1. Within the bounds of segment 380-396, is there any residue that is assigned to a loop (DSSP other than H, G, I, E, B), on the phi > 0 side of the Ramachandran plot and at pLDDT 95 or above?
2. Can you confirm whether V310 is closer than 23 Å to G129 by Cα, part of a helix (DSSP H, G or I) and in contact with a His (Cβ under 8 Å, 6 or more places away or on another chain)?
3. Scan (1) of a type in the set (K, R); (2) out of contact with any strand residue (DSSP E or B) (no Cβ under 8 Å at 6 or more places or on another chain); (3) buried (at least 18 other Cβ atoms within 10 Å of the Cβ) for the single condition R404 breaks and write down its number.
4. From the list L70, L35, which residue is of a type outside the set (V, I, T) and not in a loop (DSSP other than H, G, I, E, B)?
5. Take the residues in segment 327-360 that are part of a helix (DSSP H, G or I) and open to solvent by 60 Å² or more (accessible area, probe 1.4 Å); name whichever of them is farthest from E232 (Cα to Cα).
6. Among the helices (runs of 4 or more DSSP H) contained in segment 115-198, which hold 1 or more residues that are out of contact with any Ser or Thr (no Cβ under 6 Å at 6 or more places or on another chain), among the polar types (S, T, N, Q) and open to solvent by 10 Å² or more (accessible area, probe 1.4 Å)?
7. Considering only segment 374-399, how many residues are touching a helix residue (DSSP H, G or I) at 6+ places or on another chain (Cβ under 6 Å) and open to solvent by 60 Å² or more (accessible area, probe 1.4 Å)?
8. Where the second residue is of a type in the set (D, E, K, R) and open to solvent by 40 Å² or more (accessible area, probe 1.4 Å) and the first is in a loop (DSSP other than H, G, I, E, B) and lies in segment 232-254, which pairs have Cβ atoms under 6 Å and are six or more apart or on separate chains?
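The values are calculated or read from the model by the stated rules, or taken from the named source; none is laboratory data. These numbers come from a predicted model, not from an experiment. Ideal geometry is used to build each Cβ from the backbone, glycine not excepted, and the neighbour counts take in all protein chains shown. Heavy atoms of the whole protein, side chains included, go into the accessibility calculation; ligands, DNA and RNA do not. Shrake-Rupley method; radii C 1.70, N 1.55, O 1.52, S 1.80 Å.
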Amino acid sequence: MKKIKGKLTRIFQYSEALLAVLFCCILSAESKIWLHPDTGLNLYQFLDKHGYGFYENHTVVTEDDYVLSLLRIPRGKNESGRTNAPKPVALLVHGILSTPKDLLVKGDDSIGFSLAEAGFDVFLMSCRGNRYSLAHRKFSIDSLPYWNFSWHEVAYYDIPANMDYIAKLTGQSNVSFLGHSQGGTAFVVLAATRPEYRARITSAQLFAPVVYMDRCRIPFFRMAVEIQEQIEDIFRDLQLNKVVLPYNPALLPLVIRLCHRDSPYLNLCVSLTGILGPDPEQIDVSKITVLATEYPAGGSFKAVMHYLQVAKTGIFRQYNYRTRNAKMYNQPNPPMYNLSAINDVPVYVWYGMNDYFCGPSDFKRLISEIPSAIGKQVAYPRWNHIDFIYARNASDIVYKETIRIMKKYTKIHP
């Protein structure tokens with residue numbers, strides 16, 4: 001194990017040195033680059049620039065002492081802030097390695113801003129472990145205990161804590177839920193394990209929820225699934241089982257040089273954005289640098305392992321601690337999530353036919369196992385995993401219908 005650790009350390013050192021040389025060479029090239037004006041803006045700067053400077057930033061503490069950020073957009077841009085009339089609440093949850101900004105990054109056409117303009121009191125949750133929710137009352141963010149969580153804890157602790165906070169703040173106990181990718185995973189877990197919170201959800205819109213991955217086509221995914229336990233053991237022994245792909249501001253200048261609108265490498269950049277399903281027609285190439293401004297934003301190693309465990313077994317269940325399951329669960333195998341219990345809230349499962357993370361049959365299986373689920377296959381044939389938040393025509397293809405459905409279950413008239 002010491003030899004492996006030494007080799008890995010040298011690999012990391014050589015990789016860092018190579019990246020540093022490449023970085024310097026790229027930045028030394030003299031060229032005038034046009035950049036989209038949203039490039040480099042963090043979440044709050046982005047809100048200010050797009051006319052939502054009246055946003056509110058709240059702090060939520062979970063039952064297990066994680067300190068989370070919660071963003072509120074209480075009204076539309078041209079709506080008076082003087083009225084105290086309660087509005088239906090929309091709670092939005094981002095995906096893995098992401099931030100709430102993903103649900104706003106399309107600007108006026110984003111799902112977050114569109115919901116605010118449609119009459120919702122919009123709250124964007126920031127899940128534990130991303131750059132906007134890196135705090136704990138007891139643990140340092142560099143410690144192993146801090147990163148000992150998966151999407152199970154996001155569902156079981158983060159969402160309820162945010163729902164309770166919102167209820168106290170607004171007087172509205174119910175919310176309309178919208179989650180993308182891991183945000184959808186978390187909803188399914190919440191609905192299966194905490195019925196008291198499921199009862200407070202008016203409707204749920206799940207954009208490409210990651211649950212079953214039998215038809216996953218991401219490069220090297222199957223290889224990772226096969227050696228999942230070995231990966232887990234090695235990273236644990238080396239104490240590298242903490243954060244995965246943390247936010248690093250040094251990456252943006254590199255992306256700017258390689259992926260700006262007029263770059264000779266632009267086609268490569270477009271191809272890389274299609275790793276979860278190629279759809280170059282829906283990618284606005286001028287915004288690649290905007291998308292890269294805060295991505296990746298960090299996530300937990302344990303969450304990635306949890307996904308690999310589900311993919312390996314085909315069983316949607318809690319984290320497999322293997323020899324420690326008896327201690328953790330009082331049984332030899334992890335408890336399964338009872339999806340059949342989700343029968344009292346309308347759950348709309350949106351999916352594309354070109355999603356490389358989960359295939360159409362994976363989504364159809366999920367829909368068949370949730371009694372109150374309604375399948376929403378996107379008509380556009382090349383729709384992929386990230387089109388739900390980045391696609392040029394997302395508003396016409398998905399958002400308008402999503403908002404119409406959400407309104408149907410609230411007091412907002414269509």
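1. No, that holds for no residue.
2. Against the criterion (closer than 23 Å to G129 by Cα, part of a helix (DSSP H, G or I) and in contact with a His (Cβ under 8 Å, 6 or more places away or on another chain)), V310 does not qualify.
3. (3)
4. L70
5. S340
6. The helices (runs of 4 or more DSSP H) meeting that bar are 159-170, 182-193.
7. 1
8. L238/K5; Y247/R131
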